[in-house]
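Colleague: Pasting a structure below so you can have a look.
The values are calculated or read from the model by the stated rules, or taken from the named source; none is laboratory data. As the structure is a computational prediction, the values presented were derived from the model and not from experiment. Here Cβ is always computed from backbone atoms with ideal geometry, including for glycine, and neighbour counts include all displayed protein chains.
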Amino acid sequence: MNVIETAIPDVLILEPRVFGDERGFFLESYNHKVFTDVTGLDVNFVQDNHSRSVKNVLRGLHYQIQHPQGKLVRVVKGSVYDVAVDIRKSSPTFGKWVGVELTENNHRQFWVPVGFAHGFLVLSDCADFLYKTTEYYSPEYERSIRWNDTDIGIEWPIANIPCLSEKDKVACSFAEAEYFE
């Protein structure tokens, strides 16, 4: 597995080894020992999630203020632009973001650690998005930050208003958000 560092040192792009021929391909999407060896992280994933969305759907920016989740995300069908925003007040990269395109063809994975808000925009007609989490989903602690907040300034690859859930339409601004220390 190849690890690509991002502008925020705690956020990583992972490229698994892909073995392919005319019949198709094989890859190991997760191996605890390999993940620990290449990242230096010893995390315990407790939940796997699968999301399907259509083009121009934007989900996020989400996080849990209590029982925060680290996420290992990937796309198995289609393509998305995936974003992590540092919301750790004590971090030198507080308020900064990084993004990566995840596709069914590049097989990349994105490690979004605890202390980050996370969101993605669907670029293809449809996308299946899989993610492992280090904590269980706790809806009472879920928070959302506005996807287009100017204090963050995410450069989403979209020309129009994306399709949002009701909760994302009323998400708070970055200035109003609850942060991690």
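Colleague: Determine whether Val18 is over 29 Å from Arg146 (Cα atoms), without any contact (Cβ under 8 Å) to a residue 40 or more places away in the chain and of a type in the set (A, V, I, L, M).
Modeller: no
Colleague: Check the range 142-151 and report whether any residue there is under 15 Å from the mean Cα position of the chain (by Cα), closer than 24 Å to Val54 by Cα, surrounded by 21 or more Cβ atoms within 10 Å (Cβ to Cβ) and not hydrophobic (A, V, I, L, M, F, W, C).
Modeller: yes
Colleague: If you don't mind, another one. With respect to Ala84, is the statement that it is surrounded by 12 or more Cβ atoms within 10 Å (Cβ to Cβ) and touching a residue at least 60 places away in the same chain (Cβ under 8 Å) true?
Modeller: Against the criterion (surrounded by 12 or more Cβ atoms within 10 Å (Cβ to Cβ) and touching a residue at least 60 places away in the same chain (Cβ under 8 Å)), Ala84 qualifies.
Colleague: Checking the structure you have, find out if any residue of the range 172-179 is without any contact (Cβ under 8 Å) to a residue 12 or more places away in the chain and touching a strand residue (DSSP E or B) at 6+ places or on another chain (Cβ under 9 Å).
Modeller: Yes.
Colleague: In the range 38-64, which residues are over 17 Å from Glu135 (Cβ atoms), without any contact (Cβ under 8 Å) to a residue 60 or more places away in the chain and surrounded by fewer than 12 Cβ atoms within 10 Å (Cβ to Cβ)?
Modeller: Residue satisfying the conditions is Gly40 alone.
Colleague: Just the residues that are within 18 Å of the chain's Cα centre (by Cα) and buried (at least 16 other Cβ atoms within 10 Å of the Cβ), please, taken from the range 164-181.
Modeller: Scanning the range 164-181 gives Leu164, Asp168, Ala171, Phe174, Tyr179, Phe180.
Colleague: Quick check, is Glu22 surrounded by fewer than 17 Cβ atoms within 10 Å (Cβ to Cβ), closer than 25 Å to Leu123 by Cα and among the acidic types (Asp, Glu)?
Modeller: No, not satisfied.
Colleague: Residues to consider are Glu101, Glu135, Glu155; find the one that is at pLDDT 95 or above, assigned to a loop (DSSP other than H, G, I, E, B) and surrounded by fewer than 18 Cβ atoms within 10 Å (Cβ to Cβ). Quick ask: steps written out before the conclusion?
Modeller: On the way: Glu101 fails: assigned to a loop (DSSP other than H, G, I, E, B); Glu135 fails: surrounded by fewer than 18 Cβ atoms within 10 Å (Cβ to Cβ).
Answer to the selection: Glu155.
Colleague: Here's another thing I want to ask about it. Which ones in the range 117-139 are touching a residue at least 40 places away in the same chain (Cβ under 8 Å), more than 9 Å from the chain's Cα centre (by Cα) and more than 14 Å from Val75 (Cβ to Cβ)?
Modeller: Passing the criteria: Thr133, Thr134, Glu135, Tyr136, Tyr137, Ser138.
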